[in-house]
1. Would you mind stating whether Gly254 is closer than 23 Å to Tyr103 by Cβ and either open to solvent by 50 Å² or more (accessible area, probe 1.4 Å) or at pLDDT 95 or above (or both)?
2. Kindly provide the set of residues from the stretch 227-245 that are open to solvent by less than 50 Å² (accessible area, probe 1.4 Å) and not in a strand (DSSP E or B), ordered by number.
3. Out of Gly199, Gly262, I need the residue that is assigned to a helix (DSSP H, G or I), touching a Ser or Thr at 6+ places or on another chain (Cβ under 8 Å), closer than 26 Å to Ile8 by Cβ and not basic (Lys, Arg). Which one?
4. Kindly establish whether Leu276 is within 12 Å of the chain's Cα centre (by Cα), more than 23 Å from Ala218 (Cα to Cα), open to solvent by 10 Å² or more (accessible area, probe 1.4 Å) and of a type in the set (A, V, I, L, M).
5. Here is a list: Ala314, Ala284. Which entry is crowded, with 20+ Cβ neighbours inside 10 Å and on the phi > 0 side of the Ramachandran plot?
6. Kindly list the number of the only condition in (1) farther than 19 Å from Tyr140 by Cα; (2) over 20 Å from the mean Cα position of the chain (by Cα) that fails for Ser85.
7. If you scan the stretch 137-163, which residues turn out to be surrounded by 10 or more Cβ atoms within 10 Å (Cβ to Cβ) and of a type in the set (Val, Ile, Thr)?
8. Which pairs have Cβ atoms under 8 Å, sit 6 or more apart or on different chains, and link a residue in the stretch 60-72 that is in a loop (DSSP other than H, G, I, E, B) to one that is of a type outside the set (D, E, K, R) and open to solvent by 40 Å² or more (accessible area, probe 1.4 Å)?
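The values are calculated or read from the model by the stated rules, or taken from the named source; none is laboratory data. The structure presented is a predicted model; accordingly, all values stated were derived computationally and were not measured. Using ideal geometry, Cβ is built from the backbone for each residue, glycine included, and neighbour counts are taken over all protein chains shown. The protein model used for the area step is the full one, side chains on, heavy atoms only, and it has no ligands, DNA or RNA in it. Shrake-Rupley method; radii C 1.70, N 1.55, O 1.52, S 1.80 Å.
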Amino acid sequence: MTRELQRIAVVPGDGIGTEVIEEAVGVLERLSETHGVRLELKHFDWGAEKFLADGVTLPEGALEMLSAEFDAILAGAFGDPRVPSNRHAEDILLGMRRGLDLYINLRPVRLLHERLTPLRDRAVGDVDFVVFRENTEGAYSGAGGFLKRGTPDEIATQEEFNTRKGVERIVVAAFEYARARGRRRVTMADKSNVQRFGGDLWQRVFREVAARYPELEANHQYVDATAMFMVLDPAQYDVVVTNNLFGDILTDLGAALQGGLGLAASGNIHPGRVSLFEPVHGSAPPLAGRREANPAGAILSAALMLEYLGHAEAAQAVEDAVRECIAAGETTRDLGGALSTTEAGEKIKGRIR
């Protein structure tokens, strides 16, 4: 990230995405005053409205433009009941993830206040880990098809792809993160006891990469055991690395442990390239326009983006402000408060110092 004035593409999307991204943008503007963060924000109207009006999802040349002209992308959420196929959402979101080769899906699982977790007698430090989910391969590659569709003998196939390159780079990213952040353990979750071929590749690569990091503890768990232990003993985890499908499931469980999807942030990252940051809660059409959505996930996603762009102090100030608001009960209803989306955003901005 070499530009002095860093350029951010803002894509609010659909539903509550537009509302929560508005608050995240307000936080970024606040940081220009408090921390001297210099960002140029450019908004794009990609989403259901544009698709319904013009038939356009991700415009031609968009990926090349993003790669050449922007440092990061801050996105809201995609999905609209007027597009039942969800084609626009898949084209835009998966188009950016795959087209920009954003192979790391980074999901922090961090408890910001004890009262938010459904687990009994757990302290903040007991739920504090990061999941590295492979983001471009696996079961979400879209390969498969139907045979004898619509008949009693119908067969549906859904194929999973794992490449040596794809597995190795996500495992390396997990170990590099652990080393850089002073984490002591990397856990790899798979289902190699039944998924023998893909699992064998993950097992071999994990062992080979782990040998390059002798100061870190490397351990393996079957993913069903990981799901169980995330509930029974979440404190054992520092960094978890897994494939696309299992990462999707485990990170939503992690979101529940930290207080719900309204707090869950994510980064879709290719180190050194333009990367995408977004809350994971979806567009929530029933809530759209009611100003009830929790903006914290979008704001914490903006903090992840700031950290990626080299503004660690500003990113920490944002997380501290969210934490203080939760402690003070200055939250939306999903976290036990009574504030609107806008009011909650204002409270967080007011606590950034």
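1. yes
2. Hits for the stretch 227-245 are Ala227, Met230, Pro234, Ala235, Gln236, Tyr237, Asp238, Asn243, Asn244.
3. None of the others qualify; the one that does is Gly262.
4. no
5. On inspection, the qualifying residue turns out to be Ala284.
6. Of the numbered conditions (1) farther than 19 Å from Tyr140 by Cα; (2) over 20 Å from the mean Cα position of the chain (by Cα), the odd one out for Ser85 is (1).
7. Scanning the stretch 137-163 gives Ile155, Thr163.
8. Asp71/Met1
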